[in-house]
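K.L.:
Okay, here's the structure, questions in a sec.
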């Protein structure tokens, strides 16, 4: 595997927002990562695959449409570890109404983003006021630490914090609707905004400093776990990055995907289009910066929508579509240049190469030593009679075997909805034969474990299993192309700090440890 000594490993895919602890404010927080790691170590799992943790816009729940490609979403800050919150009495800072809302958010079966953001913003603003009065103005030790952070992260933080302050100052309106001098980043207007919004800019910088400090502490506490991040293909048009680099993107068209396994009509993501010739002239410095930022936070990262970096599916306003670049030779050259730029960060890369992907893209991955994904239900000999499933044991080492992703059905949902032909192919796999799984069998714990044995027995060096599939749950993380409060809001059914005391979770840990041992995964 690229930039990592080849060894057999197993891990879990779960979003950070899905793992709140008893101490969290209704959403998984940075300080909850070590609590999940405790359970993972008992389960023989050494890799944690997260979804993006970039800051989402207000009212959004999808981590793939962010205000910034660099900033950590403040929703993930653990209030219990903010010194100014602790000094003010912790949850005692909340009035009775706020305390009731917090308890309701904690009891909710899903993430209540609106309530959590509201409570955290009020509390963090109070904490910042205390910091500004007690530390910043007097030059205390925490002020010195923040100053050092501002200097080290200036390369992305300056534009981000100014953008966030301006966004709030403009009532949350898209930056293209701002007054022309600020919209167009005229030097005099920018300098004036920095003076006028100084405290607000400092507030957003303070939040990123707090999040960064907590992330470093959590990563150190998870020292036996490799944490993989997620490198989204794009950010929102209304983002700090696009505002700061307007010459590098088209806003008069949008990015999407052609028809594929997820959608018969394709998808329009409504995200801006890369001007690839401009990025190439700048040696892909924005993508290199994003990779650098990811490497600061994670051991490696999954490259989302890998094929889009080779050829971007562009939807014009008139409804026409095209690939950019248009020619295969140019597509391959571009994709390989970008992958090399990402590899220069030194991080381990995993390619999300699902959907409609031409053969030359996977040839490039092999050449560059970047593993792609092998989804059990889709790894079939589609041209042979009966479309038999491929033996997972024959998957190449340079690949990542998965039972599904955040976008796919859970294995429980897949089996329940699979037709007779698909089930017939699955039950001929060795682990299904050994478990005597019948074609007409209702999804069960036995069937769940047969799938897990298939995945763990794969020839792939790395296995990643969504948390839902480990337990055989039906609930999904995300349904593609659907916008709703239910999407991206799934949570564990119990606090993450209780997993080692939950009978179901301890049984799963013991089972996974046995699987890891029997398949030589560490």
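K.L.:
Counting only residues that are surrounded by fewer than 17 Cβ atoms within 10 Å (Cβ to Cβ), give me the strands (runs of 3 or more DSSP E) lying completely in segment 272-362 with at least 1 of them. Don't jump to the end; show me each part of the working.
P.N.:
Details: elements: 300-303, 312-316, 321-324, 348-351.
Those strands (runs of 3 or more DSSP E) span 312-316, 321-324.
K.L.:
Separate question: Among the residues in segment 205-222, are any in contact (Cβ under 8 Å) with a residue 40 or more places away in the chain, in a loop (DSSP other than H, G, I, E, B) and over 30 Å from residue 356 (Cα atoms)?
P.N.:
Among the residues of segment 205-222, at least one is in contact (Cβ under 8 Å) with a residue 40 or more places away in the chain, in a loop (DSSP other than H, G, I, E, B) and over 30 Å from residue 356 (Cα atoms), which makes the answer yes.
K.L.:
Here's something else I'd like to know. If you scan segment 136-155, which residues turn out to be more than 14 Å from residue 202 (Cα to Cα) and assigned to a helix (DSSP H, G or I)?
P.N.:
Scanning segment 136-155 gives 141, 152, 155.
K.L.:
Could you check residue 476 against (1) crowded, with 16+ Cβ neighbours inside 10 Å; (2) under 18 Å from the mean Cα position of the chain (by Cα); (3) over 17 Å from residue 408 (Cβ atoms) and say which number it fails?
P.N.:
Unmet for residue 476, out of (1) crowded, with 16+ Cβ neighbours inside 10 Å; (2) under 18 Å from the mean Cα position of the chain (by Cα); (3) over 17 Å from residue 408 (Cβ atoms): (3).
K.L.:
Here's another thing I want to ask about it. For segment 171-198, name all the residues that are assigned to a helix (DSSP H, G or I), touching a residue at least 60 places away in the same chain (Cβ under 8 Å) and loosely packed, with under 13 Cβ neighbours inside 10 Å.
P.N.:
Residue satisfying the conditions is 176 alone.
K.L.:
Based on what the data block shows, is residue 494 under 25 Å from residue 259 (Cα atoms) and in contact with a helix residue (DSSP H, G or I) (Cβ under 9 Å, 6 or more places away or on another chain)?
P.N.:
In short, no.
K.L.:
Would you point out which residue out of 450, 438 is more than 23 Å from residue 478 (Cα to Cα), assigned to a helix (DSSP H, G or I) and modelled with pLDDT of 95 or more?
P.N.:
450
K.L.:
So, one more: Inspect all residues belonging to segment 88-97 and state whether any of them is closer than 17 Å to residue 491 by Cβ, without any contact (Cβ under 8 Å) to a residue 60 or more places away in the chain and out of contact with any helix residue (DSSP H, G or I) (no Cβ under 6 Å at 6 or more places or on another chain).
P.N.:
no
K.L.:
I need the full set of residues from segment 479-504 which are over 17 Å from residue 412 (Cβ atoms), surrounded by fewer than 22 Cβ atoms within 10 Å (Cβ to Cβ), over 18 Å from the mean Cα position of the chain (by Cα) and modelled with pLDDT of 95 or more, in order please.
P.N.:
If the condition is that a residue be over 17 Å from residue 412 (Cβ atoms), surrounded by fewer than 22 Cβ atoms within 10 Å (Cβ to Cβ), over 18 Å from the mean Cα position of the chain (by Cα) and modelled with pLDDT of 95 or more, then 494, 495, 497, 498, 500, 501, 502, 503 are the ones that fit.
K.L.:
Another question about this same structure. If you go through segment 394-423, how many residues are more than 26 Å from residue 477 (Cβ to Cβ) and surrounded by 15 or more Cβ atoms within 10 Å (Cβ to Cβ)?
P.N.:
Counting residues in segment 394-423 that are more than 26 Å from residue 477 (Cβ to Cβ) and surrounded by 15 or more Cβ atoms within 10 Å (Cβ to Cβ) gives 1.
K.L.:
Which pairs turn up if I take residues in segment 346-362 that are free of Cβ contacts under 8 Å to residues at least 60 places away in the same chain and at negative phi and look for partners that are surrounded by fewer than 21 Cβ atoms within 10 Å (Cβ to Cβ) and part of a helix (DSSP H, G or I) with beta carbon separation below 6 Å, at least 6 apart in sequence or on another chain?
P.N.:
Note: pairs meeting the criteria are 360/332.
K.L.:
Another question about this same structure. Residue 235: at pLDDT below 95 and buried (at least 23 other Cβ atoms within 10 Å of the Cβ), yes or no?
P.N.:
Criteria met by residue 235.
K.L.:
Tell me which residues, restricted to segment 147-167, are surrounded by fewer than 20 Cβ atoms within 10 Å (Cβ to Cβ) and within 18 Å of residue 197 (Cβ to Cβ).
P.N.:
Across segment 147-167, the qualifying residues are 150, 154, 158, 159.
K.L.:
Checking residue 477 against (1) in contact with a helix residue (DSSP H, G or I) (Cβ under 9 Å, 6 or more places away or on another chain); (2) farther than 17 Å from residue 112 by Cα; (3) assigned to a loop (DSSP other than H, G, I, E, B), only one condition comes out false. Which one?
P.N.:
Among (1) in contact with a helix residue (DSSP H, G or I) (Cβ under 9 Å, 6 or more places away or on another chain); (2) farther than 17 Å from residue 112 by Cα; (3) assigned to a loop (DSSP other than H, G, I, E, B), the lone unmet condition for residue 477 is (2).
K.L.:
So if I check each of 431, 460, which one is at pLDDT below 95, surrounded by 15 or more Cβ atoms within 10 Å (Cβ to Cβ) and closer than 17 Å to residue 518 by Cβ?
P.N.:
After ruling out the rest, the residue left standing is 431.
K.L.:
Additional query: Identify, by number, the condition in (1) at pLDDT 95 or above; (2) under 22 Å from residue 111 (Cβ atoms); (3) surrounded by fewer than 23 Cβ atoms within 10 Å (Cβ to Cβ); (4) in contact with a strand residue (DSSP E or B) (Cβ under 9 Å, 6 or more places away or on another chain) that residue 23 doesn't meet.
P.N.:
It is condition (4) that residue 23 fails.
K.L.:
Here is a further query. Filter segment 497-522 for residues that are in contact with a strand residue (DSSP E or B) (Cβ under 7 Å, 6 or more places away or on another chain) and either under 20 Å from residue 18 (Cβ atoms) or part of a loop (DSSP other than H, G, I, E, B) (or both) and give the result.
P.N.:
521, 522
The values are calculated or read from the model by the stated rules, or taken from the named source; none is laboratory data. Only a predicted model underlies this, so the values are computations on that prediction, with no experimental measurement involved. Positions of Cβ are generated from backbone atoms using ideal geometry, with glycine treated the same way; all protein chains shown enter the neighbour counts.
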